[in-house]
Every structure is written in C-alpha cells, then in structure tokens.
Amino acid sequence: EPEVTQTPSHQVTQMGQEVILRCVPISNHLYFYWYRQILGQKVEFLVSFYNNEISEKSEIFDDQFSVERPDGSNFTLKIRSTKLEDSAMYFCARGRVDAGANVLTFGAGSRLTVL
Amino acid sequence: GENVEQHPSTLSVQEGDSAVIKCTYSDSASNYFPWYKQELGKRPQLIIDIRSNVGEKKDQRIAVTLNKTAKHFSLHITETQPEDSAVYFCATTDPPGSARQLTFGSGTQLTVLP
C-alpha cells in the first residue's frame with residue numbers, strides 16, 4: 001500500500017535519450033525526494049523538493065537532471081541525454097514529520113535500463 | 001555532509017539465532033535513525049526507527065539501540081526466520097535546517113539459513 005505511485009515500473013532506453021520518471025503522491029505532502037539505487041549498492045539521495053521548489057540536491061544531481069511538479073500533483077524526474085551509468089532503480093519518497101523526525105516512505109521504484 | 005558506515009556487509013545466521021547489524025555516523029547533530037528492510041527487487045521499507053532522546057526501542061523480534069556519545073546504533077533481530085532474509089539499511093537524517101533527507105549506510109545482506 002505505497003503512499004506514492006511511480007511510473008513506469010521499468011523503462012529501457014538508448015544512451016543519449018531523455019527519460020521522464022513520474023511519481024504521484026496519494027495524499028498531499030510538502031516534502032518529496034528522489035533517490036537512486038544502482039544494482040547491489042546503497043540508496044543514494046538525489047534531490048529534495050519542498051513546496052514546489054528544489055530544497056537540496058546532491059553532487060549526483062547535476063545539470064543532466066531536473067525535477068518538476070508540472071500540474072501540482074505529478075512529481076517528475078527528468079534525465080537528459082542518458083548514460084550507461086544512469087541505469088538504476090529510481091525511488092520517489094514522501095516525507096512525513098512525526099515527532100520532529102522526517103519519516104520517509106518510498107514508492108515501488110522505476111527501474112531504468114540504459115543500453 | 002553526513003557519513004554512515006554499516007557493518008557487516010553480509011551476515012549469515014541459522015534460523016532461530018540472533019543477528020546484529022551496526023552503524024556509525026559522523027554528525028553529532030543527527031537526531032533520527034531509521035532502519036529499512038529491502039527484499040529483492042522491492043522498495044526499502046521502514047521496519048523500526050529511534051529518536052536521539054531514546055537509547056533503545058523494541059518491536060517484537062526487532063530492536064534498535066543508540067549510543068549518541070559513541071555515535072553508533074545497532075539493529076538486533078532475535079529468533080530469526082527465513083523471511084528475515086533481505087538487505088537491511090541503516091540511515092540518519094541530515095541536521096535540522098536541511099531538507100532532512102536520509103543518508104543511508106551501504107547495506108547488510110542478511111541470510112537466514114533454515
């Protein structure tokens with residue numbers, strides 16, 4: 001019963017192509033995050049999005065990446081000119097403040113395969 | 001930024017035995033320490049968490065302990081079962097004032113042998 005829905009579940013693309021991954025929160029939250037997990041590795045922070053603006057981003061989140069909330073509901077991660085090393089699971093997460101802690105719940109993820 | 005070290009990277013135990021996974025962190029301002037379980041091909045799922053004002057928390061067969069002075073926290077699973085087999089990640093929250101994103105450890109592959 002994920003509180004965020006991600007599409008597509010799996011996308012295969014050619015190197016150099018643009019990819020858009022989507023996240024739809026079921027309930028309204030202020031904080032959203034994108035994380036990446038390369039196969040067999042740890043979950044890495046990409047970017048946080050607060051009140052329709054980027055709040056923080058990691059070193060991984062370079063000019064190749066962008067996030068938007070185009071219609072106030074969908075939350076997208078765009079990867080321009082994909083590279084082989086972009087192959088990974090991309091997780092959207094929503095944050096819920098609980099007793100001063102920001103509790104994250106992840107979506108089911110989008111698996112990106114770059115050929 | 002925060003640095004989280006997790007050990008061991010792999011752990012095999014016999015069914016019914018206990019498993020302990022340890023993490024250390026670098027930023028003394030961190031105040032929230034969750035543990036996530038990730039089954040193969042699935043999303044990370046929160047299984048237990050602890051705040052900095054508490055030293056230990058239990059939930060049935062799992063428990064987490066926190067030593068703020070030493071900046072380490074541990075996950076304890078007792079009476080392990082085959083369904084406990086998964087990758088476990090510890091995490092900490094970046095200090096207040098940031099977007100409070102989680103920084104994850106490198107993960108521990110736990111295998112419970114029947």
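Under 6 Å between Cβ atoms, which residue pairs at least 6 apart in sequence (or on different chains) link something in the range B:30-53 that is in contact (Cβ under 8 Å) with a residue 40 or more places away in the chain with a partner that is of a type in the set (S, T, N, Q) and outside any strand (DSSP E or B)?
Once the first residue is in contact (Cβ under 8 Å) with a residue 40 or more places away in the chain and sits in the range B:30-53, its partners that are of a type in the set (S, T, N, Q) and outside any strand (DSSP E or B) give B:Asn31/B:Ser52.
Got a sec? Which of A:Arg69, A:Arg111 is basic (Lys, Arg), in contact (Cβ under 8 Å) with a residue 60 or more places away in the chain and either surrounded by fewer than 19 Cβ atoms within 10 Å (Cβ to Cβ) or within 12 Å of chain B (Cβ to nearest Cβ) (or both)? Full working, then the answer.
Working: A:Arg69 fails: in contact (Cβ under 8 Å) with a residue 60 or more places away in the chain.
After applying the criteria, what remains is A:Arg111.
Which of the residues belonging to the range B:12-26 are under 18 Å from B:Thr65 (Cα atoms) and of a type in the set (A, V, I, L, M)?
Of everything in the range B:12-26, those that are under 18 Å from B:Thr65 (Cα atoms) and of a type in the set (A, V, I, L, M) turn out to be B:Ala19, B:Val20, B:Ile21.
Could you please give the count of residues in the range B:3-30 that are part of a loop (DSSP other than H, G, I, E, B) and either buried (at least 18 other Cβ atoms within 10 Å of the Cβ) or of a type in the set (Lys, Arg) (or both)?
The qualifying residues number 1.
Name every residue in the range A:95-108 that is in contact (Cβ under 8 Å) with a residue 60 or more places away in the chain and either in contact with an Asp or Glu (Cβ under 6 Å, 6 or more places away or on another chain) or assigned to a loop (DSSP other than H, G, I, E, B) (or both), in order of residue number.
Passing the criteria: A:Thr105, A:Gly107, A:Ala108.
Under the condition of being farther than 26 Å from A:Val114 by Cα and in contact with a Phe, Trp or Tyr (Cβ under 7 Å, 6 or more places away or on another chain), which residue from the range A:48-81 is modelled with the highest pLDDT?
A:Ser55
Yes or no: the range A:78-94 includes at least one residue that is assigned to a loop (DSSP other than H, G, I, E, B), in contact (Cβ under 8 Å) with a residue 60 or more places away in the chain, out of contact with any strand residue (DSSP E or B) (no Cβ under 7 Å at 6 or more places or on another chain) and more than 10 Å from chain B (Cβ to nearest Cβ). Even if it seems obvious, please write down each step before you answer.
Going through the range A:78-94, the residues assigned to a loop (DSSP other than H, G, I, E, B) turn out to be A:80-83, A:87.
Filter once more, so that each one left must be in contact (Cβ under 8 Å) with a residue 60 or more places away in the chain: A:80-83.
From what's left, out of contact with any strand residue (DSSP E or B) (no Cβ under 7 Å at 6 or more places or on another chain): A:80-81.
Checking which are more than 10 Å from chain B (Cβ to nearest Cβ) leaves us with A:80-81.
For the range A:78-94, residues assigned to a loop (DSSP other than H, G, I, E, B), in contact (Cβ under 8 Å) with a residue 60 or more places away in the chain, out of contact with any strand residue (DSSP E or B) (no Cβ under 7 Å at 6 or more places or on another chain) and more than 10 Å from chain B (Cβ to nearest Cβ): present.
The values are calculated or read from the model by the stated rules, or taken from the named source; none is laboratory data. For clarity, every value in this text was computed on a predicted model and none was experimentally measured. Here Cβ is always computed from backbone atoms with ideal geometry, including for glycine, and neighbour counts include all displayed protein chains.
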